[in-house]
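Derivation of every value follows stated rules applied to the coordinates shown; laboratory data play no part. A quick note: this is a predicted structure, and the numbers were derived from the prediction, not measured. Because the Cβ atoms are built from the backbone with ideal geometry, glycine has one as well, and the counts that use them run over all protein chains shown.
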Amino acid sequence: MVSRIPGHGAERRTSVRCAVRYGACLVALAVLLVGQGCTVISRPMMDEALTEVGFTQLTKDINRFRGQTLILGGHVIEVRNEARQTVIVVLQTPLGFGQEPRPPDRSEGRFFLRHDGFLDPEVFARGRTITAAGRVLGLTREAIDNEPYDYVTLESREIYLWERVEDLYRYHPYYRSPAYDPWYYRRPWRRYPY
């Protein structure tokens, strides 16, 4: 016959509850810390910006958002340096994790980003990816291959230029893999399967 120790089950349940609460607090803390570091635009700018506005909603009701700060991103199409400003033509794409723009095939349109001062067209070259905080100025009509198009126009307040993919992955992927064997093809018995 097994004798029970009085209070043993209650103590165990209490310790399990404390461990679950402690684990939940750690998970919540981790989510908060990760959430703080997932933006490339500064915290004061993020606090000021409207983040729930989609690009199609913006283009349909531009006057409602005039003067507001938004976070948009995309891929550079062209850089035009004018007398005292630079205009970047951007193929807009939705922002993903860490505010990184998604691939160009998910584009919802184009926008102009006006920046006071000079931006080097070699640095902001065609195809580079940017995320920008900007104040909505309105629409600017220009032609794309003789077809009129209304560009959303923003005045830049903050620009983040993403690294090129080829700069991130400079070496062949086999060189980075822990399973890569540089001597695989140099072993004589592997050349002849018979």
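Brief remarks follow.
- Potential lengthening between Arg84 and Gln68 on full extension [0.36 nm per residue; Cα-Cα distance subtracted]: 3.4 nm
- The C-alpha radius of gyration of segment 43-161, expressed as a fraction of 2.2 N^0.38 Å, stands at 0.98.
- Between Glu155 and Arg126, the simple label model (points 7 Å from Cα in the Cβ direction) yields a spacing of 3.1 nm.
- Under-5 Å amide H pairs with Tyr149, H placed in peptide plane, nonlocal only: Glu142, Ala143, Ile144
- A cut-off of 5 Å between modelled amide H atoms, ignoring neighbours fewer than 5 places along the same chain, links Gln85 with Gly117.
- Peptide packing: for 73-84, 142-153, 123-134, the average count of neighbouring Cβ atoms within 10 Å per residue gives the ranking 123-134, 73-84, 142-153, highest mean first.
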